[in-house]
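Student: Sharing a structure with you now.
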Amino acid sequence: MQIGLVGLSYSGKTTLFQLLTGIKQDHTMQGKANRGVVKVPDSRVDYLSALYKPKKTTYATLEAVDIPGLIPGAERSTASFLTAVREADILVNVIQDFENPEAPPHEGELNPQRDLELVLYELLLADLDQVERRIERIKSGKPSKINQEELALLQKLKSALEAEIPVSSLELSAAEELMVRNYRFLTAKPYVVVVNVDESRISDHEAHSNSEIAGFCRERGIPWHYLSARIESEIAELDGEERQLFLEELNIKESGLVTVTRLVYTRLGLISFFTVGEDEVKAWTITKGLTAREAAGKIHSDMERGFIRAEVVAFDDFARAGSMNAARTEGTLRLEGKDYIVNDGDIIHFRFNV
Ligand SMILES: Nc1nc2c(ncn2[C@@H]2O[C@H](COP(=O)(O)OP(=O)(O)O)[C@@H](O)[C@H]2O)c(=O)[nH]1
Ligand SMILES: [Mg+2]
């Protein structure tokens, strides 16, 4: 799964990219999209790894792309920007809410709500542009070949986008949904807001909760989070204990890396299950609602084909029991069949036959 970081220049995209991936970037390299792997922090994996002491510990991963090139009011967004945004599975909109002489705000005035709306507007315009061009192309084709259903849908999308309604907010039939998916509209993508706030105001939770942005997001069901990207990316370089001390000192309850990855998981409907052993402790990411057999297929197609049973224990039950044997005695480790729906945090051992 790919996270696309979008936002105006100087909002802190590259800084957040650094926090998420641990990869240091040259901030002067404007214009180039950076790609990196996000190791998804998970205290359950930490616990299992400390217990099993495996040869290898594998965390779940996401991909992050730091996408520059969004210029409000430009005639048309740059092609490289649009291509990168279209590839992303989820957009994280980074918004500037800090003062820094190295980061002049848009039109000389710091205004987070305006910046949020500017970004949404650019996404709307890109979709509208795509819709209009498609309508033109259809209309200029042979009349006999005109797909009336598609044309009707495009007209509906056009009116919505002109009224600044994102594609994700539209009620669509199953057939329309399918057509829309093919277009990969930017305003149809899952969307999360990260407000990059000055470190001096990072623990002002009341102000964050009452902000214009919070109201806007609450009303529309958009997940949002306040963090301070620069100080957090500096703290992230420290080792465990020191890191915790600094976070506490700043009254930051949880690292932005943890919160942002959790928001992304929730918004994308992702969950993790674990496999454990002396060789490897590993987190696997799947979409919510998969059966045990389908989950086995994520590990290996043989496991799906030859699936017999799954031995399952919820992480919390396992941690309480302290070992597999204790969990078995307590009855929380149980056998499940192929149609069992996997839960977030399940520790699973698949039995299969090939
Ligand atoms: N004071 C402060 N400065 C920040 C923060 N985040 C980023 N910056 C600085 O703002 C400038 C722009 O950040 P950058 O990540 O390059 O923004 P981008 O253009 O969106 O990639 C850089 O000089 C950063 O060091 C922050 O939370 N607080
Ligand atoms: Mg940048």
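The values are calculated or read from the model by the stated rules, or taken from the named source; none is laboratory data. Small disclaimer: the values here were computed from a predicted structure and weren't measured. FYI the Cβ positions are ideal-geometry reconstructions off the backbone, even for glycines, and counts take in every protein chain you see. The area values use the complete protein model at the heavy-atom level, side chains included, leaving out ligands, DNA and RNA. Shrake-Rupley method; radii C 1.70, N 1.55, O 1.52, S 1.80 Å.
Student: Out of all the residues in the range 337-345, is one or more over 21 Å from GLY289 (Cβ atoms) and open to solvent by 50 Å² or more (accessible area, probe 1.4 Å)?
Tutor: no
Student: Let me ask something else about it. Does the range 128-151 hold any residues that are open to solvent by less than 100 Å² (accessible area, probe 1.4 Å), out of contact with any helix residue (DSSP H, G or I) (no Cβ under 8 Å at 6 or more places or on another chain) and over 17 Å from PHE185 (Cα atoms), and which are they?
Tutor: If the condition is that a residue be open to solvent by less than 100 Å² (accessible area, probe 1.4 Å), out of contact with any helix residue (DSSP H, G or I) (no Cβ under 8 Å at 6 or more places or on another chain) and over 17 Å from PHE185 (Cα atoms), then SER140, GLY141 are the ones that fit.
Student: For LEU51, work out the one condition from (1) surrounded by fewer than 16 Cβ atoms within 10 Å (Cβ to Cβ); (2) within 16 Å of ligand 2 (Cβ to nearest atom); (3) not hydroxyl-bearing (Ser, Thr, Tyr) it doesn't fulfil.
Tutor: (2) is the only condition that LEU51 fails.
Student: Could you tell me whether GLU171 is open to solvent by 50 Å² or more (accessible area, probe 1.4 Å), outside any helix (DSSP H, G or I) and under 24 Å from VAL6 (Cα atoms)?
Tutor: Taking the combined requirement at face value, the residue does not satisfy it.
Student: Using the structure shown, decide if GLY297 is loosely packed, with under 14 Cβ neighbours inside 10 Å, modelled with pLDDT of 95 or more and within 26 Å of LYS39 (Cβ to Cβ).
Tutor: Taking the combined requirement at face value, the residue does not satisfy it.
Student: With (1) surrounded by 21 or more Cβ atoms within 10 Å (Cβ to Cβ); (2) modelled with pLDDT of 95 or more as the list, and VAL37 as the residue in question, which single condition is left unmet?
Tutor: (1)
Student: May I ask you to list the residues in the range 232-251 that are buried (at least 18 other Cβ atoms within 10 Å of the Cβ) and in contact with a Leu (Cβ under 8 Å, 6 or more places away or on another chain)?
Tutor: GLU232, SER233, ILE235 - these are the residues of the range 232-251 that are buried (at least 18 other Cβ atoms within 10 Å of the Cβ) and in contact with a Leu (Cβ under 8 Å, 6 or more places away or on another chain).
Student: Just one of LYS338, LYS282, LYS288 is modelled with pLDDT of 95 or more and in contact with a Lys or Arg (Cβ under 7 Å, 6 or more places away or on another chain); which is it?
Tutor: Only one candidate passes the filter, namely LYS338.
Student: A further question follows. Name the residues in the range 295-328 that are touching a helix residue (DSSP H, G or I) at 6+ places or on another chain (Cβ under 7 Å) and free of Cβ contacts under 8 Å to residues at least 60 places away in the same chain, would you?
Tutor: Correct list: ALA296, GLY297, MET303, GLU304, PHE307, ALA310, VAL313, ASP317, PHE318, ALA321, ALA327.
Student: Right, another one. Here are the criteria: (1) open to solvent by less than 50 Å² (accessible area, probe 1.4 Å); (2) under 19 Å from PHE352 (Cα atoms). Tell me which single one GLU304 does not satisfy.
Tutor: All conditions are met except number (1).
Student: Is it true that ALA321 is touching an Asp or Glu at 6+ places or on another chain (Cβ under 7 Å) and buried (at least 19 other Cβ atoms within 10 Å of the Cβ)?
Tutor: No: the conditions fail for ALA321.
Student: Does ILE90 count as assigned by TED's automatic domain parsing to the domain that holds LEU227, open to solvent by less than 30 Å² (accessible area, probe 1.4 Å) and within 15 Å of ligand 2 (Cβ to nearest atom)? Before you say what the answer is, go through the steps one by one.
Tutor: Numbers: assigned by TED's automatic domain parsing to the domain that holds LEU227: yes; open to solvent by less than 30 Å² (accessible area, probe 1.4 Å): yes; within 15 Å of ligand 2 (Cβ to nearest atom): no.
Considered against the rule, which asks whether it is assigned by TED's automatic domain parsing to the domain that holds LEU227, open to solvent by less than 30 Å² (accessible area, probe 1.4 Å) and within 15 Å of ligand 2 (Cβ to nearest atom), ILE90 comes out as no.
For every residue, the table says whether it meets (1) outside the structural domain of PRO223 (by TED's automatic domain parsing); (2) in contact with a His (Cβ under 8 Å, 6 or more places away or on another chain); (3) modelled with pLDDT of 95 or more.
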position	(1), (2), (3)
ASN111	no, no, yes
GLU136	no, no, no
ILE146	no, no, no
LEU153	no, no, no
GLU171	no, no, no
TYR183	no, no, no
LEU186	no, no, yes
VAL193	no, yes, yes
ASN196	no, no, yes
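Student: Also, I was wondering about something else. Sort out which residues of the range 203-214 are open to solvent by less than 50 Å² (accessible area, probe 1.4 Å) and either part of a helix (DSSP H, G or I) or touching a strand residue (DSSP E or B) at 6+ places or on another chain (Cβ under 7 Å) (or both), and write them in order of number.
Tutor: Answer for the range 203-214, where residues must be open to solvent by less than 50 Å² (accessible area, probe 1.4 Å) and either part of a helix (DSSP H, G or I) or touching a strand residue (DSSP E or B) at 6+ places or on another chain (Cβ under 7 Å) (or both): ALA207, HIS208, ILE213, ALA214.
Student: Same structure again: Within the range 242-354, considering only strands (runs of 3 or more DSSP E) that don't extend past its boundaries, which have at least 3 residues that are among the aliphatic types (A, V, I, L, M)?
Tutor: The strands (runs of 3 or more DSSP E) meeting that bar are 280-287, 307-314.
Student: Search the range 169-206 for residues being out of contact with any helix residue (DSSP H, G or I) (no Cβ under 9 Å at 6 or more places or on another chain) and aliphatic (A, V, I, L, M), and hand back the single one that is farthest from LEU20 (Cα to Cα).
Tutor: ALA174
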